[in-house]
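Below you'll find the structure, written out as structure tokens, and then a few comments.
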Amino acid sequence: MNALRKAAAVLSAAAAILIAIPPTASATPAPHQTYDGTLVRENFNRLPLGPVTRGRGWTTDTSNGTLTVEPSADGRGRELSIRTEGNGRAFVVLSDLAPPGNSFWARMRLRVAEFPTAPDWAHWTLAEASGPDSPTLVRPIGGQYAPTDKGNFWGVGSDLGPTGDWTDWRTSAPAVSGKWQCVEFHLDATDNRVTVYLDGVAQSDLTVSTQQHGGTADDFVFPTFDKLKLGWQLYQANPSPSSYDVRLDDIALSTRRVGGCGG
């Protein structure tokens, strides 16, 4: 009888432990989102060295351009090397996004070896967000070569929507070549606001919103975002220099500010 009582007690304790452990499936995050608000994270460290056409949760879009995973310059980890010829493009494409409230934060580290010096007003993009319900392309990180001020300057822009094709560049935000920068932006659908941070510092002059932007008198309105492209595109033919090299690393998208840029 004592043996039977002991066996019953053991079985009862085991059953209690099993009941207390939640099913593992309930702890599995949905694609593109974890409980800390993270939608996407990519540092390229788990990808093999060499040309790349896709990763976990992303594909690529190229024309006269390539993307290659290479060792980091400091020997720690890996980074993405982007190269384009002429007015080519090469992007990492983050698809199937569904940010809560149609708003999200993004952070990435990047270095552009050289910006264009010709033709005049050469226009370039490093980030482009879009959605299926509107032709509007939102370009939170980009810029333009301004011959009047003899330099390249960061600017938020848009195209194909009711406000037209514009880049609201500012001389207060010069684009410096050959330098790693930590770039953040926030797309806030409550007033169609784009805010930009460089190395942790808010660039208030670059902020655009529904009625304050660089386009026509129409309202600037976000599409329902489901895609973000990160990389490089130059739109004018026969630019100088004739090719462009960009390094990209530490990509993160989140429902809250990711941080990590210092400042």
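The values are calculated or read from the model by the stated rules, or taken from the named source; none is laboratory data. Quick caveat, the model's predicted, so the values are computed rather than measured. Cβ sites come from the backbone with ideal geometry, for glycine too, and all protein chains shown count toward neighbours. For the accessible areas, the whole protein counts, side chains as well, though only heavy atoms, and no ligand, DNA or RNA atoms are used. Shrake-Rupley method; radii C 1.70, N 1.55, O 1.52, S 1.80 Å.
Within segment 46-72, can you find the residues that are assigned to a loop (DSSP other than H, G, I, E, B), surrounded by 15 or more Cβ atoms within 10 Å (Cβ to Cβ) and within 16 Å of the chain's Cα centre (by Cα)?
Within segment 46-72, G57 is the sole residue that qualifies.
Being among the small types (G, A, S), under 21 Å from T190 (Cβ atoms) and either in a loop (DSSP other than H, G, I, E, B) or modelled with pLDDT under 95 (or both) is true for just one of G161, G101, G157, G75. Which residue is that?
G161
Could you tell me whether L187 is within 21 Å of N102 (Cβ to Cβ), in a strand (DSSP E or B), of a type outside the set (V, I, T) and open to solvent by 20 Å² or more (accessible area, probe 1.4 Å)?
no
Tally up the residues in segment 112-146 that are touching a residue at least 60 places away in the same chain (Cβ under 8 Å), farther than 17 Å from L160 by Cα and in contact with an Asp or Glu (Cβ under 8 Å, 6 or more places away or on another chain), please.
So the count comes out to 3.
Of the residues that make up segment 173-189, is at least one under 15 Å from G215 (Cα atoms) and either of a type in the set (A, V, I, L, M) or free of Cβ contacts under 8 Å to residues at least 40 places away in the same chain (or both)?
Of all residues in segment 173-189, those under 15 Å from G215 (Cα atoms) come to none.
Checked segment 173-189: no residue is under 15 Å from G215 (Cα atoms) and either of a type in the set (A, V, I, L, M) or free of Cβ contacts under 8 Å to residues at least 40 places away in the same chain (or both).
When the residues of segment 123-151 are narrowed to those that are among the polar types (S, T, N, Q) and open to solvent by 10 Å² or more (accessible area, probe 1.4 Å), which ends up farthest from C182 (Cα to Cα)?
S134
Which ones in segment 184-234 are within 17 Å of S130 (Cβ to Cβ) and small (G, A, S)?
The answer is A189, G215, G231.
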